[in-house]
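Inspection log for the structure reproduced underneath, given as C-alpha cells.
The values are calculated or read from the model by the stated rules, or taken from the named source; none is laboratory data. Nothing here was measured: the structure is a model prediction, and the numbers come from that model. In this analysis, Cβ positions are derived from the backbone assuming ideal geometry, glycine residues included, and neighbour counts consider all displayed protein chains.
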Amino acid sequence: MKVKLTHLTKQFGKNKKVFSNINFQENIHSLAIIGPSGGGKSTLLKIIGGLIPPSSGEMAIDDKEISFNEDSLSSYRKKIGFVFQHSGLFNHMTAIENIKVPLIHVHNYSEKDAQTRACELLKRFGLEKDALKKPNELSGGQQQRISIARAVAPKPKFLLFDEPTSALDPEYTVEVLDIINELKKDGIDFIIVTHEMGFARHACEKVAFLADGSLLEFGESEEVFKNPKNLKLKKFLSKLLEWNI
C-alpha cells in the first residue's frame with residue numbers, strides 16, 4: 001500500500017500537541033512504528049486507520065485522498081483491519097460470534113458465508129476448540145488471535161496493529177507475532193506500533209521512529225537498527241537493548 005501524509009498535525013485541546021507537521025510518502029508492505037511512550041505512535045496509527053481525524057494536514061492511501069468526515073471514514077474503515085492493544089472483543093459473544101457477527105452486520109456476508117469464513121480462520125489460527133468460548137474463558141494470547149482473525153476475516157486492503165502484544169506474557173507474545181509474520185508471508189500489508197524490537201528489526205521491512213512529536217528517522221529496518229543516524233534513536237535503542245539476552 002502507498003501511504004502519503006502531508007503536514008499532519010494532531011492536538012488535543014489547546015495545549016496538548018501530540019505531533020506536528022508529519023510528512024511521509026512510501027510504499028509499505030510491513031512497517032514498524034517505534035519510539036518512546038507518549039510520542040504519538042498510537043494516535044498516528046488511529047488517524048491512518050480512520051478512527052480519529054487529524055487537527056490539520058492531509059492523508060492519501062494508494063493515491064486516494066482520505067476525507068475526514070464521518071461518512072467517508074465509515075466507508076474507509078470497512079476496508080481496513082485494526083487490532084487494538086487490548087483485544088477489543090465483545091465480551092458477551094463467543095469467539096466465533098466475534099468473528100462472524102461483524103461480517104454479517106458490517107460487511108454484508110450471509111449467515112452461511114460468515115460461518116464458513118469464521119470456521120476457516122479459527123482452524124488456521126489453532127482455535128477450533130475455543131469457538132464457543134467467551135473472551136473471559138480465553139488466555140490473552142487466544143484473545144488476540146481471535147482479534148486478528150476478526151480483522152482478517154473481511155479480507156481488508158491492509159492491517160493496522162496497535163501494540164498487540166503489550167499486555168501479553170512472553171509465550172503469548174511469540175504466538176501473536178508468529179501469526180502476524182505468517183500474514184506478511186501471505187502478502188498482507190501491515191503497519192504495527194510495537195515495543196518488540198526484534199520483531200521490528202527482523203520481520204518488518206521498514207521502521208519509523210516517532211518521538212517528541214516528530215518523525216525523526218525512517219528507513220530499511222536492518223539499516224536503521226545497525227546504523228541509527230538520529231541521536232535520540234541511538235539512545236532509545238541502547239536503553240531497550242541493554243538487557244537483551
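Just to check your reading of the model, which residue among Leu160, Leu168 is without any contact (Cβ under 8 Å) to a residue 60 or more places away in the chain and among the hydrophobic types (A, V, I, L, M, F, W, C)?
It is Leu168.
Exactly one of (1) under 22 Å from Lys41 (Cα atoms); (2) of a type in the set (A, V, I, L, M); (3) outside the structural domain of Leu237 (by TED's automatic domain parsing) is unmet by Leu138. Its number?
(1)
Go through region 179-228 and count every residue that is basic (Lys, Arg), over 14 Å from the mean Cα position of the chain (by Cα) and either in a helix (DSSP H, G or I) or farther than 10 Å from Ala32 by Cα (or both).
Adding up the residues that qualify gives 3.
Tell me which residues, restricted to region 116-138, are touching a residue at least 40 places away in the same chain (Cβ under 8 Å) and outside any loop (DSSP other than H, G, I, E, B).
Pro135, Asn136
Return the pair list, or none, for Cβ contacts closer than 6 Å from residues in region 85-112 that are more than 30 Å from Thr194 (Cβ to Cβ) to residues that are among the small types (Gly, Ala, Ser), at least 6 apart or on different chains.
Going by the 6 Å Cβ cut-off, the qualifying pairs are Ile104/Ala114.
Residue under question is Leu51, and the condition is that it be closer than 22 Å to Phe209 by Cβ, assigned by TED's automatic domain parsing to the domain that holds Thr165 and not acidic (Asp, Glu); does it hold?
no
Kindly indicate which of Ser166, Ser238, Ser147, Ser214 is within 19 Å of Val83 (Cα to Cα) and assigned by TED's automatic domain parsing to the domain that holds Asn27.
Of Ser166, Ser238, Ser147, Ser214, the one residue that is within 19 Å of Val83 (Cα to Cα) and assigned by TED's automatic domain parsing to the domain that holds Asn27 is Ser166.
Could you please tell me which pairs satisfy a Cβ distance under 9 Å, a separation of 6+ or placement on different chains, a first residue in region 174-198 that is acidic (Asp, Glu), and a second residue that is surrounded by 18 or more Cβ atoms within 10 Å (Cβ to Cβ) and assigned to a strand (DSSP E or B)?
Asp189/Ser30; Asp189/Leu31; Asp189/Phe158; Asp189/Leu159; Glu196/Ala32
Only one residue in Gln144, Gln85, Gln115 is among the polar types (S, T, N, Q) and touching a strand residue (DSSP E or B) at 6+ places or on another chain (Cβ under 6 Å), so which one is that?
Result of the check over Gln144, Gln85, Gln115: Gln85.
A quick yes/no check of all residues on (1) surrounded by 17 or more Cβ atoms within 10 Å (Cβ to Cβ); (2) modelled with pLDDT under 95; (3) more than 19 Å from Phe190 (Cβ to Cβ):
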{"position": "Ile33", "(1), (2), (3)": "yes, no, no"}
{"position": "Ile52", "(1), (2), (3)": "no, yes, yes"}
{"position": "Asp62", "(1), (2), (3)": "no, yes, no"}
{"position": "Ser67", "(1), (2), (3)": "no, yes, yes"}
{"position": "Ser72", "(1), (2), (3)": "no, yes, yes"}
{"position": "Phe90", "(1), (2), (3)": "no, yes, yes"}
{"position": "Thr94", "(1), (2), (3)": "yes, no, yes"}
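Select, from Glu26, Glu58, Glu70, the only residue that is of a type in the set (Asp, Glu) and either in contact with a Ser or Thr (Cβ under 8 Å, 6 or more places away or on another chain) or assigned by TED's automatic domain parsing to the domain that holds Ala131 (or both).
After ruling out the rest, the residue left standing is Glu58.
Of all residues in region 7-26, how many are exposed (fewer than 11 other Cβ atoms within 10 Å of the Cβ) and modelled with pLDDT of 90 or more?
1
Any idea which of Arg145, Arg124 is among the charged types (D, E, K, R) and buried (at least 20 other Cβ atoms within 10 Å of the Cβ)?
Arg145
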